1. For the chain, calculate the relative contact order in percent as a whole number, restricting contacts to Cα pairs under 8 Å that are 6 or more residues apart.
2. Give, rounded to the nearest 20 debye, the magnitude of the charge dipole that the chain has about its Cα centre when Lys and Arg contribute +1 at Cβ and Asp and Glu contribute -1 at Cβ.
3. Could you please report the charge total around Val28, scoring K, R as +1 and D, E as -1 over all other residues with beta-carbon less than 14 angstrom from its beta-carbon?
4. Build a GNM of the chain with springs between Cα atoms under 10 Å: which of Gly38, Gly46, Gly29 gets the top mean-square fluctuation?
5. How far apart, in nm, are two points set 7 Å out from the Cα along the Cα-to-Cβ line at Lys65 and at Met22?
Amino acid sequence: MAKSSNNLVNPNAREAMDRFKMEAASQVGVNLKQGYNGDLTSKQAGSIGGQMVRKMIEAYENGLK
């Protein structure tokens, strides 16, 4: 059985991803705190993830222009 891992190759990437997540949460009106956020609803967590994906797609599309 393969072990699942959420480790990023570059240690500095974790900090950048955390900042990106906080920015996305603020844009969708979710109050995200440092550390444990297990009290978020599925809807709130999904809206943060969706916003992150939208921003990544937007950045990619802008890079193509």
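1. Details: 22 pairs, mean separation 20.3, N = 65.
That works out to 31 percent.
2. Value, rounded to 20: 80 debye.
3. So the environment of Val28 carries a net charge of +3.
4. So, out of Gly38, Gly46, Gly29, the one fluctuating most is Gly38.
5. 2.9 nm
Every read-out reported here was derived from the displayed coordinates using simple, explicitly stated rules and does not represent laboratory data. Computed from a prediction, not measured in an experiment: that's the story for all the values here. Reconstructed Cβ throughout: ideal geometry from the backbone, glycine too, with neighbour counts over all protein chains shown.
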